[in-house]
Structures are given as C-alpha cells and as structure tokens.
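The following block contains the structure, expressed as structure tokens.
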Amino acid sequence: MTFYLEFVKANPLLAAFIQFGILGFLGEIVSYFITKRPLKEIGNWIQIILKMLAWGILGIIIKYGFTGMRGFLNGLIEHNMIMHMKSGTILYAFFLSVFTNIIFGPQMMTFHRVEENLIMKKKGFQGIENSFKTLIWFWIPAHTITFALPVDYQIGLAALWSVVLGIIIGSAKGNRKS
C-alpha cells in the first residue's frame, strides 16, 4: 500500500490514467460476461487498446474534475453561497459529490460517449439518458464515500466504482433477459 500511495502522490495524472485504463475497461468486460454478450462485441485488439487509452484519458479528466470541483465547493463556502462545512466531513463529501455529479458528470459522460463512438465507428447517443440517471442513483452515493476518503485514495476508488457499476448494470440487463 505504501508503494501505491507514493506512486499516486508523485504521479497523480499517470496514476489516474493507469487506474482508469485498467479498471474502467475491466468494468466493461465484466458487464459483457454477466450479460453473456459475445466478447467480440467489445472490439478488435486495436479497439480494445484504444478503449483502454480512452478510459485512461477519462481518468485524467476525472482527476482534474475532482480537484476543480473541490475548489468550486470551497469557493461557494468562502463566499457564503452555501452553508459552512468543514472539509473531511461526510457532509462536505456529500455536497462535493452532488456538485461533481450534476455539474461535471454529464459533460464527462458525453465526452466518454464521443470517445466510444469514434473508437467503435458508431453515431448517436442512444441510451445516454440511462447513463445520466446513474449520476443520481449510483455516482452521488458512491462518490460521497469516495470524497470521504483522503485525496490520494479517491481516484483509485472512483475507478473501482466503474467495475461495481459494470456488475450492477450487467446484472440488471441479465435479469431482463431472463
């Protein structure tokens, strides 16, 4: 664990890239296994590598987003635009999660869909409204937990939540087929 923390502190953007590149893509694979969809639908080897790179880029964007939204919330508190709360509390983590997911989340998800469409040579945004709904029922509670942790653990947990969401969505889709 010491190596992990030292690496994350010394290389925050690279660590975000690696964690999301691996775990974000793993979440996709897990949902394919659960729904018993053919793995060939994930793409050819070039598309798989590009998807992992896209997840990695998303990790960097999320790292910037988490940092920026913390500054946003602190600015609101400083200017008395929201009640005063102390950083490191569960209330602070909840408000940070709400603002992150309602302000930053939709743009991040749209960007990720554009990446996916370019890689898979698809058009359109079919089903993105379901992705947006996850911001409320999944990501706000998940990131409340995430933001309650020390900063150096947050991106790793956020990437791990991608796997958890893959399991949940894969299970839900699998149950609909039954």
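Could you pull out the residue among PHE125, PHE99 that is at pLDDT 95 or above and under 27 Å from PHE147 (Cβ atoms)?
PHE99
LYS121 is checked against (1) surrounded by fewer than 19 Cβ atoms within 10 Å (Cβ to Cβ); (2) under 16 Å from the mean Cα position of the chain (by Cα); (3) not aromatic (Phe, Trp, Tyr) and fails just one. What number does that condition carry?
(2)
Please list, ordered by first then second residue, the pairs with beta carbon atoms under 6 Å, 6 or more apart or interchain, first in segment 68-82 and surrounded by 13 or more Cβ atoms within 10 Å (Cβ to Cβ), second hydroxyl-bearing (Ser, Thr, Tyr).
MET69/THR100
Separate question: Given the condition loosely packed, with under 15 Cβ neighbours inside 10 Å and at negative phi, answer yes or no: does some residue in segment 154-166 qualify?
no
Among the residues that make up segment 130-139, is at least one of them in a helix (DSSP H, G or I), of a type in the set (D, E, K, R) and either in contact with a Gly (Cβ under 7 Å, 6 or more places away or on another chain) or without any contact (Cβ under 8 Å) to a residue 40 or more places away in the chain (or both)?
Scanning segment 130-139 turns up at least one residue that is in a helix (DSSP H, G or I), of a type in the set (D, E, K, R) and either in contact with a Gly (Cβ under 7 Å, 6 or more places away or on another chain) or without any contact (Cβ under 8 Å) to a residue 40 or more places away in the chain (or both).
I need a count of the residues in segment 90-128 that are free of Cβ contacts under 8 Å to residues at least 24 places away in the same chain and of a type in the set (Ser, Thr, Tyr).
Of the residues in segment 90-128, 1 are free of Cβ contacts under 8 Å to residues at least 24 places away in the same chain and of a type in the set (Ser, Thr, Tyr).
I've got another one for you. If you check every pair at least six apart or on different chains, which have Cβ atoms under 6 Å apart with a residue in segment 22-40 that is in contact (Cβ under 8 Å) with a residue 60 or more places away in the chain first and a residue that is buried (at least 17 other Cβ atoms within 10 Å of the Cβ) and of a type in the set (Phe, Trp, Tyr) second?
GLY24/TRP55
The values are calculated or read from the model by the stated rules, or taken from the named source; none is laboratory data. Here the structure is a predicted model, which means the values were calculated and not measured. Cβ atoms come from the backbone with ideal geometry, glycine included; neighbour counts cover every protein chain shown.
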